[in-house]
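All remarks here apply to the structure that follows.
The values are calculated or read from the model by the stated rules, or taken from the named source; none is laboratory data. Just so you know, these numbers come straight off a predicted model, no measurement behind them. All Cβ positions, even for glycine, are placed from backbone atoms using ideal geometry, and neighbour counts span all protein chains on display. To get the accessible areas, we keep the full protein, side chains included, count just its heavy atoms, and leave off ligands, DNA and RNA. Shrake-Rupley method; radii C 1.70, N 1.55, O 1.52, S 1.80 Å.
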Amino acid sequence: MARILLVLNDPPYGTERAYNAFRLALNVLKKDPETEMRAFLVGDGVSCAKAGQTVPSGYYNVELMLKSLAKRGATIGVCGTCMDARGLKDGDLAEGTRRSSLDEMTEWTLWADKLLGF
């Protein structure tokens, strides 16, 4: 069984890195449901976990992608220091995500067989 850590630095919109990262993670879990997946959102990536995202019809919604990852068993941490720097509170986070820390990201890095950085 693979243990994968996905680290995302980019915002949810403006580039397609978040979309592609979460698309890959979802596809991995679809093809191998036994994979243990963790995602850590850092820097501008913390904005991906903002609850209540509204996007134009037909456009991808990163919040929904994160919820789908969590429903498939992925653990999603959001850097608390980065949240504070951007004015995000714990109550602002989407379902299935939670405040985390550099210490936890370090533990997850040591736990992972593979690290995917976006």
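Ranked by accessible surface with a 1.4 Å probe, highest first, in what order do LYS31, LYS50, LYS67 come? Mind showing how you got there, number by number?
Numbers: LYS31 165, LYS50 80, LYS67 55 Å².
Result of the area sort, largest leading: LYS31, LYS50, LYS67.
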What does the charge dipole of the chain about its Cα centre add up to, to the nearest 20 debye, if the Cβ of each Lys and Arg holds +1 and the Cβ of each Asp and Glu holds -1? 320
Put MET1, MET37, MET105 in order of accessible area, largest first, probe 1.4 Å, and you get MET1, MET105, MET37
Do any cysteines of the chain lack a neighbour Cys whose Cβ is under 4.7 Å away, and which are they? CYS48
Probe 1.4 Å, all protein chains in place: accessible area of VAL78 in Å², nearest 10? 0
Estimated inter-spin distance, ALA2 and THR109, nm [label 7 Å along Cα→Cβ]: 2.1
Cross-link reach from LYS114 to aspartates and glutamates, straight Cα distance under 12 Å and at least 8 residues apart if same chain, gives GLU36
How high is the relative contact order of the chain? Use alpha-carbon pairs under 8 Å, at least six apart in sequence, and give a whole percent. 36
I'd like the FRET efficiency for LYS30 and GLU95, computed as 1/(1 + (r/R0)^6) with the beta carbon distance as r and R0 of 25 Å, rounded to 0.05. 0.80
Mind computing the radius of gyration and Dmax over the alpha-carbon atoms of segment 8-75? Å is fine for both. 11.6, 34
Ordering ARG3, ARG38 by accessible area with a probe of 1.4 Å, largest first, what comes out? ARG3, ARG38
Given the candidates PRO56, GLY14, VAL78, the one whose Cα lies deepest towards the positive end of the charge dipole of the chain, counting +1 at each Lys or Arg C-beta and -1 at each Asp or Glu C-beta, is PRO56
Report, to two decimal places, the Cα Rg of segment 37-118 normalised by 2.2 N^0.38 Å (N = number of residues). 1.08
